[in-house]
Amino acid sequence: MNKRHVKAKRAEILTLQEAVKKYMHDNIMLCTGGFTAMNRNPVAWIWESIRQGFSGIYNIDPHGCLTSWLLNAAERMKVHETAWTGWAEMAGKLDIGSCNRYKEGSLIVEEYAHGAMATRFLAGAIGLPFMPYYAPPGSDLYNSDYDSLGKAGLRDSKNPRIALKKFESFEDPFFKEGAVYLLPAVRPELAILHVAQAGEKGTARWRGIGTLDKEMAFASDKVILTCEEIVSEAELRKNPESNQIPYFVVDCIVQVPYGAYPSGTPYYYDYDAKFLQAMNGTSRNREEQLKWLDEWVFGPKDWDAFLDKVGTKRLDDLRADEKLGYSTKLVRGKRPSPAMKMPLSVMKGGF
């Protein structure tokens, strides 16, 4: 466990506006959960943070999520630490906004491999300063010429959350199997995770892909859960093996239905591919992107008004099938997904 989690916390329940105002600040180092732009992105939190004017954000996003696209579009992100500068297979493989800001020098991009990012979060989660990792030796990921934070002069110990080195190579002293790389732990100030259910004390549960959300929760000083619904802790503890985040690391809970839209929350609603594609379409024209921000971020008075603008018909079409976990109305390819009476794994394998 992160050594800064020395005792259990007592999570508070706030509105989205209250929580963002209390826990966000300029130049904060945060990490965002979810996977690419299609699974459990904490969109509502980032949406409200942009609206409240926070900037200079150091965002650690291993998977190229929708949250990074939004921060880039609004020019609120100063550093992007990631394993992928794309953001969604259904929208655009490349985050053009990120690339443009990187080229013009207004965005620092620090890159590690996917496995390296997972290793670094694990180190932070268990309170270690670093962790050994093999792959990928020989690549420019382990070339000091491509140490973006170092070249920007940020590895000067002024920010204790930024490691003094991107990596360190040493010889395996135990089995003499050659060079191993030491990677610094990730130590964010704030983790923002969108989950399906949160107990009133902070126990969290979701279904589907989890990626690094659990490690993020243990590696960060403070943890915010945005959730589809707040449920009884007693109900969650009937099946404790299904819970991913324990209450004692959580600082704040925000109930915000559809808080991951236009990404999805499995067994609640699917991702909105057309909305994502429309967003990506503005990336090549800055004026169009600013118009999109005015219409969809700054225009609605609050998140409920944003959802009203999306429309109940559109949201209803994304509603997940209770057995499959995704929408059977969403067209993937040439026709909608087939409806089934039981999950495919059960149908074919019996379990």
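The values are calculated or read from the model by the stated rules, or taken from the named source; none is laboratory data. Note that this is a predicted model, so its numbers are computed, not measured. We place every Cβ from the backbone using ideal geometry, glycine too, and count neighbours over all the protein chains shown.
Select from region 140-196 the residues that are of a type in the set (K, R), out of contact with any Lys or Arg (no Cβ under 8 Å at 6 or more places or on another chain) and surrounded by 11 or more Cβ atoms within 10 Å (Cβ to Cβ) and list them in ascending order.
K151
What is the residue count in region 75-88 for residues that are among the charged types (D, E, K, R) and in a strand (DSSP E or B)?
Adding up the residues that qualify gives 2.
State whether one or more residues within region 329-345 are at pLDDT 95 or above and part of a helix (DSSP H, G or I).
No, every residue in region 329-345 fails to be at pLDDT 95 or above and part of a helix (DSSP H, G or I).
Which residues, taken from region 215-234, are buried (at least 20 other Cβ atoms within 10 Å of the Cβ) and touching a Gly at 6+ places or on another chain (Cβ under 9 Å)?
E215, M216, A217, F218, A219, S220, V223, L225, T226, C227, E228
Residue under question is S263, and the condition is that it be within 22 Å of F35 (Cα to Cα) and free of Cβ contacts under 8 Å to residues at least 40 places away in the same chain; does it hold?
Spelling it out, it is not the case that S263 is within 22 Å of F35 (Cα to Cα) and free of Cβ contacts under 8 Å to residues at least 40 places away in the same chain.
Check whether at least one residue in region 157-170 is touching a strand residue (DSSP E or B) at 6+ places or on another chain (Cβ under 9 Å), part of a loop (DSSP other than H, G, I, E, B) and of a type in the set (V, I, T), and report yes or no.
Within region 157-170, one or more residues are touching a strand residue (DSSP E or B) at 6+ places or on another chain (Cβ under 9 Å), part of a loop (DSSP other than H, G, I, E, B) and of a type in the set (V, I, T).
If I ask for residues that are surrounded by fewer than 24 Cβ atoms within 10 Å (Cβ to Cβ), free of Cβ contacts under 8 Å to residues at least 60 places away in the same chain and not acidic (D, E), which ones from region 71-80 would you list?
R76, K78
Which condition number does N72 fail, the rest of (1) in contact with a Gly (Cβ under 9 Å, 6 or more places away or on another chain); (2) assigned to a strand (DSSP E or B) being met?
Failing condition for N72: (2).
Does K301 qualify as being under 27 Å from V254 (Cβ atoms), more than 24 Å from the chain's Cα centre (by Cα) and assigned to a loop (DSSP other than H, G, I, E, B)?
Here the answer is yes, as K301 does meet what is asked.
Tally time: how many residues in region 106-139 are crowded, with 19+ Cβ neighbours inside 10 Å, over 19 Å from H80 (Cβ atoms) and of a type in the set (G, A, S)?
Within region 106-139, residues that are crowded, with 19+ Cβ neighbours inside 10 Å, over 19 Å from H80 (Cβ atoms) and of a type in the set (G, A, S) number 2.
Working only within region 176-200, note down all residues that are modelled with pLDDT under 95 and part of a loop (DSSP other than H, G, I, E, B).
K176, E177, G178 - these are the residues of region 176-200 that are modelled with pLDDT under 95 and part of a loop (DSSP other than H, G, I, E, B).
Tally time: how many residues in region 103-126 are within 17 Å of H63 (Cα to Cα) and not in a helix (DSSP H, G or I)?
Total meeting the criteria: 6.
Output the number of the condition that Y58 fails; it satisfies all remaining conditions of (1) assigned to a helix (DSSP H, G or I); (2) at pLDDT 95 or above; (3) within 23 Å of A152 (Cα to Cα).
All conditions are met except number (1).
Can you tell me which residue among A116, A37 is within 30 Å of F174 (Cβ to Cβ) and in contact with a strand residue (DSSP E or B) (Cβ under 6 Å, 6 or more places away or on another chain)?
Answer to the selection: A116.
Got a number for residues in region 17-38 being surrounded by 24 or more Cβ atoms within 10 Å (Cβ to Cβ) and within 21 Å of G325 (Cβ to Cβ)?
Residues flagged as surrounded by 24 or more Cβ atoms within 10 Å (Cβ to Cβ) and within 21 Å of G325 (Cβ to Cβ) within region 17-38 amount to 4.
Can you go through S55, S68 and tell me which one is without any contact (Cβ under 8 Å) to a residue 60 or more places away in the chain and buried (at least 18 other Cβ atoms within 10 Å of the Cβ)?
S68
So is N2 touching a Gly at 6+ places or on another chain (Cβ under 7 Å), modelled with pLDDT under 95 and either part of a helix (DSSP H, G or I) or more than 30 Å from Q277 (Cβ to Cβ) (or both) or not?
yes
From (1) touching a Leu at 6+ places or on another chain (Cβ under 9 Å); (2) of a type outside the set (D, E, K, R); (3) at negative phi; (4) in contact (Cβ under 8 Å) with a residue 60 or more places away in the chain, pick out the condition that doesn't hold for P257.
Condition (4) is where P257 drops out.
Please enumerate the residues belonging to region 132-155 that are at pLDDT 95 or above, part of a loop (DSSP other than H, G, I, E, B) and either among the polar types (S, T, N, Q) or touching a helix residue (DSSP H, G or I) at 6+ places or on another chain (Cβ under 9 Å) (or both).
Once the filter is applied, which keeps residues that are at pLDDT 95 or above, part of a loop (DSSP other than H, G, I, E, B) and either among the polar types (S, T, N, Q) or touching a helix residue (DSSP H, G or I) at 6+ places or on another chain (Cβ under 9 Å) (or both), region 132-155 yields L154, R155.
Out of the residues in region 201-228 that are hydroxyl-bearing (S, T, Y) and either over 15 Å from the mean Cα position of the chain (by Cα) or assigned to a strand (DSSP E or B) (or both), state the one that is nearest to W45 (Cα to Cα).
Among those residues, the one meeting the criterion is T226.
For the list (1) at pLDDT 95 or above; (2) at positive phi, I need the number of the one condition that I224 fails.
Unmet for I224, out of (1) at pLDDT 95 or above; (2) at positive phi: (2).
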